[in-house]
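**Q** Take a look at this one; I'll ask things after.
Coordinate-derived values only; no laboratory data. All figures in this text were calculated on a predicted structure; none of them were measured in a lab. A quick note on method: Cβ atoms are made from the backbone with ideal geometry, for glycine too, and the neighbour counts reach across all protein chains shown.
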Amino acid sequence: MNPIISWIKFNPCLAIFWKDVMYEIRSRDTLVSVLVFSLLVIVVFNFGISPNPKNVGMFAPGILWIAFIFGGVLGFTRTFAIEKENNALDGLLLTPVSRDAIYLGKVLSTFTFMLVVEIITFPIFAVIYNLPILSPGFIPVALLSTLGISAAGTLFSAMAMKTKAREVMLPLLFLPVIVPVLVASIEASTPALIGGPWSDVSMWLPIIAVFDVVFLIVCSIGFSYIIQD
Amino acid sequence: MFILAPYTTVLVLMSDKLKTHLVQIEQHNTTALEVADLTKSFGRSRVLNGLNLSIDSGEVLSVLGSNGSGKTTLINIISMLTKPDRGTVHVLRKSVDKNPNQARNSIGVVGHTPMLYSGMSALDNLTFFGRMFHVDNLGDRISETTYKLGVTDILDRKIGDMSHGMQKRFAIARALLHEPELLLMDEPESGLDQSAVALLRELINDLKDSNCAVLLVTHSFDQAVKLGDRVAILSKGKIAYEEVTKSVEIAEIREKYFKYSGKFK
């Protein structure tokens, strides 16, 4: 077998990612609910704030990221739900795969699901708030912020899975930790969405990237401890 | 010189056979599992209390014990799902703490639950777990394992749509997929019909022949004696009684069980 094909076939991260994608395509449990919830947040805020051309730049980025994060919380409650059914997580833990690889595989799948939701939500958001649909400056902000949110969310999802009241525990644990990324994402998204200078966007990107790296390292170490009995 | 040639040939052939035989004996006598001073408490309750046991390759050890005697905890610790408070576990003479992934590669586990994804088909489950174990010729291996368990024709069905017995058969297939050298079975007969129990017996005998060690936790005296080479009774967190099955009757095992488990007959 070609070594590249063999690597792809037997890479545990990709196997977990592919398993989650196939599971989601068949069940559509998580994506649909997260998507509907994110859209509802955007619509409800639109009614509550009644944005006008003067204040839309001030409110819209915040509303967008709150919608993504609240939707993400809903999705994270399901991240390990499929592993919990039938005790499949134990089956996964019995395999000769490092816990980091399991964590990274789950991060990859949550990152992909969040990106899909964002790709569908963003044009609708842009139309509702009368913002440009094509905002190239927003793409790196969305990619980096979503990675950080997924990295932290996957860890807290695993943590919450071990508790009885996981729907309550997850937002309580996750939201305070994600605040720095949320603030940086909103600050970077504002100039990106209202057509501000690229320098105003790019100054926030290294900060978000640093948080991503810290979350990925710390959370992968924490995951190994959390997942063990 | 020519007169000696046939004798030399016979001697060479005999020494080759002897070597092969010695290698087989050596393989058979390898300690597959060695557990020493294993201690585990949950809160104030001490479940395992300095437990020691060992199993050789190609040997089946049946473990009996009342509910809450620590049988499942023992299996969880050996399979590294639970950390012990104290004690060591060696699989194929290697510490599981130092070589966890190497040990996981040598162990197959059949637990109370199937440990399979209920929303995925049996084939997708076995393919996924086979990839995680780096199983070569995965398709052939899946066909071979599921054929032995009589479940080849329902491979495309979802695990969640199957009966408990069928789920159990696929759980056994998952545990055998990577050809483990040590198989841990926690009450494998529960939920299985008589034909499946017969298949299980056949399977365990095949595993013995292929030099796989089996730790069989069961509530059935009959299974314990028929399948095991040795039988042990777990009580108060330790092996309270151990005997070779050839030299013991079921009635004696039953008597010892009730004596050590402290329950009425």
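**Q** Looking only at segment A:19-34, filter to residues that are of a type in the set (A, V, I, L, M) and out of contact with any Gly (no Cβ under 7 Å at 6 or more places or on another chain); which one of those is nearest to the other protein chains (Cβ to nearest Cβ)?
**A** Result: A:Met22.
**Q** To continue, here is another question. Which one of B:Val91, B:Val109, B:Val96 is over 15 Å from the mean Cα position of the chain (by Cα) and either more than 7 Å from chain A (Cβ to nearest Cβ) or touching a residue at least 24 places away in the same chain (Cβ under 8 Å) (or both)?
**A** B:Val96
**Q** May I pose another question? State the number of residues belonging to segment B:53-80 that are part of a loop (DSSP other than H, G, I, E, B), in contact with a helix residue (DSSP H, G or I) (Cβ under 9 Å, 6 or more places away or on another chain) and buried (at least 21 other Cβ atoms within 10 Å of the Cβ).
**A** 5
**Q** Just give me the residues in segment B:94-120 being in contact with a strand residue (DSSP E or B) (Cβ under 7 Å, 6 or more places away or on another chain), within 19 Å of B:Ile55 (Cβ to Cβ) and buried (at least 16 other Cβ atoms within 10 Å of the Cβ), in sequence order.
**A** Those that are in contact with a strand residue (DSSP E or B) (Cβ under 7 Å, 6 or more places away or on another chain), within 19 Å of B:Ile55 (Cβ to Cβ) and buried (at least 16 other Cβ atoms within 10 Å of the Cβ): B:Val96, B:Ala103, B:Ser106, B:Ile107, B:Gly108, B:Val109, B:Val110, B:Gly111.
**Q** Return the total of residues in segment B:112-125 being over 21 Å from B:Thr73 (Cα atoms) and either more than 9 Å from chain A (Cβ to nearest Cβ) or not aromatic (Phe, Trp, Tyr) (or both).
**A** So the count comes out to 8.
**Q** Of all residues in segment B:126-145, which are within 21 Å of the chain's Cα centre (by Cα), in a helix (DSSP H, G or I) and facing another protein chain (nearest Cβ under 7 Å)?
**A** Here is the first cut: in segment B:126-145, the ones within 21 Å of the chain's Cα centre (by Cα) are B:126, B:129-130, B:132-135, B:141-142, B:144-145.
This time we only want the ones that are in a helix (DSSP H, G or I), so: B:126, B:129-130, B:132, B:141-142, B:144-145.
Scanning segment B:126-145 gives B:Phe129, B:Met132.
**Q** I'm trying to understand the selection: among the residues of segment B:33-52, which are within 14 Å of another protein chain (Cβ to nearest Cβ) and either out of contact with any Lys or Arg (no Cβ under 9 Å at 6 or more places or on another chain) or part of a loop (DSSP other than H, G, I, E, B) (or both)?
**A** B:Ser41, B:Phe42, B:Gly43
**Q** Follow-up question, since we're still on this one. Out of segment B:128-148, which residues are within 26 Å of B:Ser195 (Cα to Cα) and surrounded by fewer than 20 Cβ atoms within 10 Å (Cβ to Cβ)?
**A** B:Gly139, B:Asp140, B:Arg141, B:Ser143, B:Glu144, B:Tyr147, B:Lys148
**Q** Separate question: Scan segment A:172-190 and give yes if some residue there is farther than 23 Å from A:Ala60 by Cα and in contact (Cβ under 8 Å) with a residue 40 or more places away in the chain, otherwise no.
**A** Looking for residues that are farther than 23 Å from A:Ala60 by Cα and in contact (Cβ under 8 Å) with a residue 40 or more places away in the chain, one finds none in segment A:172-190, hence no.
**Q** To continue, here is another question. Enumerate the helices (runs of 4 or more DSSP H) found wholly within segment A:104-215, keeping only those where 2 or more residues are polar (S, T, N, Q) and closer than 30 Å to A:Ile25 by Cα.
**A** A:138-161
**Q** For a quick check of your reading of the model, give me the residue pairs whose first member lies in segment A:81-100 and is within 7 Å of chain B (Cβ to nearest Cβ), whose second is of a type outside the set (Val, Ile, Thr) and in a helix (DSSP H, G or I), with beta-carbon atoms closer than 6 Å and at least 6 apart or on different chains.
**A** A:Ile82/A:Tyr23; A:Thr95/B:Met132; A:Pro96/B:Asn101; A:Pro96/B:Arg104; A:Pro96/B:Asn105; A:Val97/A:Pro12; A:Val97/B:Met132
**Q** With respect to the numbered conditions (1) in contact with a Ser or Thr (Cβ under 8 Å, 6 or more places away or on another chain); (2) outside any helix (DSSP H, G or I), which one is the sole condition not fulfilled by A:Phe70?
**A** Here A:Phe70 meets the rest and fails (2).
**Q** Yes or no: segment B:108-125 includes at least one residue that is under 28 Å from B:Val244 (Cα atoms) and outside any strand (DSSP E or B). Outline the logic, then answer.
**A** Initial filter on segment B:108-125 (under 28 Å from B:Val244 (Cα atoms)): B:108-112.
Among the residues that remain, those that are also outside any strand (DSSP E or B) are: B:111-112.
Taking every residue of segment B:108-125 in turn, at least one turns out to be under 28 Å from B:Val244 (Cα atoms) and outside any strand (DSSP E or B).
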